[in-house]
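Structure first, commentary second.
The values are calculated or read from the model by the stated rules, or taken from the named source; none is laboratory data. Here the structure is a predicted model, which is why all the values come from computation and not from measurement. Here the Cβ positions follow ideal geometry from the backbone for every residue, glycine too, while neighbour counts run over all protein chains shown.
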Amino acid sequence: MALVTGGASGIGAAVVEALAGRGFVVGCLDLSPTLGGPDYSVAVDVSDPAAVDVAVSEMRDRLGPISAVVTSAGYYEMAPVAEISPDAWRRMLRVHLGGLVNVARATLPDLVELRGALVAVASELAVGGGDGDAHYAAAKGAILGFVRSLAAEVAGHGVRVNCVAPGPTDTPLLAADSPWRADDYLTTLPLRRLATPREVARCVEYLVCDATFSVGEVVNVNSGAVI
Amino acid sequence: MSTNLDGRVALVTGAAQGMGAAHARRLAAAGATVAVNDIRDSAELTALADEIGGRTAVGDVSDPAECVRIVADVVQAAGRLDVLVANHAYMTMAPLLDHDDADWWKVVDTNLSGTFYLVQAVLPHMRNAGAGRIVVVSSEWGITGWPEATAYAASKAGLISLVKTLGRELAPERIIVNAVAPGVTDTPQLQVDADAAGVELEAIHRHYASSIPLGRIGLPDEVAAAVELLADFDVEAVVGQVISCNGGSTRSRA
């Protein structure tokens with residue numbers, strides 16, 4: 001059984017489809033679950049550790065022990081650093097880093113038992129940073145440090161922890177008027193276009209199913225934005 | 001969504017044994033017609049080509065004219081060339097001042113220059129097709145360096161920079177270039193290491209495994225899985241990247 005956070009839309013939804021295609025029963029944690037797609041969904045805010053424990057427990061009861069986890073829940077906003085309020089900063093860290101830590105804690109016993117795999121969705125901005133991206137990049141960068149450390153901690157138990165770092169991807173997170181969609185930006189990308197959720201999901205699928213000798217690895221899916 | 005290479009033609013260099021053979025099997029299983037190269041013809045190479053329904057493409061890739069000939073032969077026989085997996089390698093180790101100059105350059109000219117010549121040879125064909133995939137097999141030592149492996153590490157690090165540059169240069173043409181960096185992998189090379197150290201193969205395996213967080217060395221097919229991902233024509237957005245398959249050894253050393 002695979003558990004996907006943020007699986008109702010964007011990259012998460014593509015991951016749900018990809019893992020189902022590889023034979024997984026897929027459960028989904030999302031703030032606003034949608035019908036269809038996953039085999040079972042629980043509405044939860046992944047930044048709330050107690051609520052995540054309850055949701056994961058409900059998921060196990062329904063679908064069985066968890067052998068794969070993908071943490072894709074997140075949101076994107078830009079702001080100059082002076083305008084990032086303490087609440088905005090805290091929320092960014094709690095959802096992205098907290099959403100990973102809370103779900104990792106709740107699922108690790110199963111992952112150890114089943115010698116499973118966890119894949120976190122970070123961001124190209126975690127690697128390269130960006131103007132107006134201080135809180136988002138800091139939260140996603142923290143994911144890289146967490147993933148590499150947890151990977152080293154649990155590799156001896158046969159659990160593989162890895163990461164994808166998508167560049168700007170054509171999802172609902174990216175507003176229609178986002179600067180990442182502007183031609184001026186796209187022409188700076190070696191591939192000249194945004195990544196697609198399917199491409200990111202294919203890399204997640206690789207890390208979950210096929211990358212049996214990779215741990216603490218970051219696969220960059222970014223149209224060449226950061227090389 | 002598994003990789004579908006039906007109708008595609010791939011060339012894998014250094015494919016007589018070890019990782020190259022695994023890459024060839026994996027791409028063939030995904031549907032590609034695979035030409036397997038090695039520096040000399042052998043029963044192993046022919047048997048592999050027969051097994052996967054491919055063909056042999058023998059030649060020394062450190063010679064630019066040979067690269068052009070090898071690639072032309074493949075294209076003439078198979079009609080096209082979509083995927084290059086540059087897996088060939090030559091390795092010798094010695095303290096810097098003891099490393100024979102000609103041999104030092106043979107390592108670099110085989111691993112780094114050979115890949116450069118191959119890319120030059122395949123490009124016209126990939127441009128004709130309007131797309132291509134180039135997967136370069138680098139090495140963990142190209143990232144970390146290694147004592148007494150100056151030539152090998154330099155060649156493999158050079159390959160990473162070549163990949164990053166060609167990734168940028170060729171992506172606008174939908175020719176996607178990436179690298180795989182294997183750690184210690186269970187190939188015939190380990191027997192060479194064991195013989196050099198005067199110990200049993202098993203002892204070498206244990207020695208390497210003890211410094212790998214996953215607690216074991218890798219298998220050729222585990223590296224081939226990364227090659228398959230990077231040869232997937234449904235994935236374009238991975239550009240100029242290096243995917244490590246090393247059991248975590250570059251992240252922490254136990």
Inset, instruction - Tell me, please, whether a residue that is within 14 Å of A:L93 (Cα to Cα), of a type in the set (F, W, Y) and surrounded by 19 or more Cβ atoms within 10 Å (Cβ to Cβ) can be found in the range A:131-145. - result: yes
Inset, instruction - Give the number of residues within the range A:171-191 that are crowded, with 17+ Cβ neighbours inside 10 Å, more than 7 Å from chain B (Cβ to nearest Cβ) and free of Cβ contacts under 8 Å to residues at least 40 places away in the same chain. - result: 2
Legend entry - Condition met for A:R148 (surrounded by fewer than 18 Cβ atoms within 10 Å (Cβ to Cβ), touching a Gly at 6+ places or on another chain (Cβ under 6 Å) and closer than 29 Å to B:N246 by Cβ): no
Inset, instruction - Could you tell me whether A:R105 is crowded, with 18+ Cβ neighbours inside 10 Å, away from chain B (no Cβ under 14 Å) and basic (K, R)? - result: no
Legend entry - Pair list, Cβ < 6 Å and 6+ apart or interchain, from the range A:210-227 residues that are over 16 Å from A:E199 (Cβ atoms) to residues that are buried (at least 21 other Cβ atoms within 10 Å of the Cβ) and polar (S, T, N, Q): A:S214/A:N162; A:E217/A:N162; A:E217/B:S244
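Looking only at helices (runs of 4 or more DSSP H) that lie completely in the range B:166-246, which have at least 2 residues being crowded, with 23+ Cβ neighbours inside 10 Å?
Working: elements: B:189-197, B:201-209, B:220-230.
Because the criterion is at least 2 residues that are crowded, with 23+ Cβ neighbours inside 10 Å, the helices (runs of 4 or more DSSP H) in the range B:166-246 that meet it are B:220-230.
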Inset, instruction - Quick one: in the range B:140-164, of everything that is under 20 Å from A:E217 (Cβ atoms) and among the charged types (D, E, K, R), which residue is farthest from the chain's Cα centre (by Cα)? - result: B:K164
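Within the range B:41-141, considering only helices (runs of 4 or more DSSP H) that don't extend past its boundaries, which have at least 3 residues that are surrounded by 15 or more Cβ atoms within 10 Å (Cβ to Cβ) and touching a Leu at 6+ places or on another chain (Cβ under 8 Å)?
Working: elements: B:43-51, B:64-78, B:101-108, B:114-129.
Passing ranges, in order: B:64-78, B:114-129.
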Inset, instruction - Check the range A:27-42 and report whether any residue there is within 21 Å of A:D61 (Cβ to Cβ), assigned to a loop (DSSP other than H, G, I, E, B), β-branched (V, I, T) and more than 14 Å from chain B (Cβ to nearest Cβ). - result: no
Inset, instruction - Report the residue count in the range B:171-193 for those that are within 14 Å of chain A (Cβ to nearest Cβ) and touching a residue at least 12 places away in the same chain (Cβ under 8 Å). - result: 16
Legend entry - Near pairs, Cβ below 6 angstrom, 6+ apart or cross-chain, from the range B:117-133 (of a type in the set (A, V, I, L, M)) to any residue that is assigned to a helix (DSSP H, G or I): B:L118/B:C67; B:A121/B:C67; B:A121/B:V68; B:A121/B:V71; B:V122/B:V71
Inset, instruction - Would you be able to say whether some residue in the range A:202-215 is surrounded by fewer than 17 Cβ atoms within 10 Å (Cβ to Cβ) and either among the acidic types (D, E) or at the interface with chain B (Cβ under 7 Å from one of its Cβ atoms) (or both)? - result: no
Inset, instruction - Give just the number: which of (1) closer than 20 Å to B:F233 by Cβ; (2) among the charged types (D, E, K, R); (3) not in a helix (DSSP H, G or I) does B:R25 not satisfy? - result: (3)
Inset, instruction - State which residue is farthest from the other protein chains (Cβ to nearest Cβ) when the search covers only the range B:194-238 and only residues that are of a type in the set (D, E), within 23 Å of the chain's Cα centre (by Cα) and over 30 Å from A:L189 (Cβ atoms). - result: B:D221
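Could you say which residue among A:V46, A:V69, A:V42 is crowded, with 17+ Cβ neighbours inside 10 Å, without any contact (Cβ under 8 Å) to a residue 60 or more places away in the chain, β-branched (V, I, T) and under 21 Å from A:I143 (Cα atoms)? Walk me through how you get there before you give the answer.
Details: A:V69 fails: without any contact (Cβ under 8 Å) to a residue 60 or more places away in the chain; A:V42 fails: under 21 Å from A:I143 (Cα atoms).
Selected residue: A:V46, the only one of A:V46, A:V69, A:V42 that is crowded, with 17+ Cβ neighbours inside 10 Å, without any contact (Cβ under 8 Å) to a residue 60 or more places away in the chain, β-branched (V, I, T) and under 21 Å from A:I143 (Cα atoms).
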Inset, instruction - Could you look through the range A:192-201, keep only residues that are in contact with a strand residue (DSSP E or B) (Cβ under 7 Å, 6 or more places away or on another chain), of a type outside the set (V, I, T) and assigned to a helix (DSSP H, G or I), and pick out the one that is nearest to the other protein chains (Cβ to nearest Cβ)? - result: A:E199
Inset, instruction - Return yes when A:R91 is in a helix (DSSP H, G or I), closer than 22 Å to A:P172 by Cβ and among the basic types (K, R) and no when it is not. - result: yes
Inset, instruction - For the range A:104-126, state whether one or more residues are among the charged types (D, E, K, R) and assigned to a loop (DSSP other than H, G, I, E, B). - result: yes
Inset, instruction - Test each condition in (1) at pLDDT 95 or above; (2) within 24 Å of B:I212 (Cα to Cα) for B:P188 and report the one that comes out false. - result: (1)
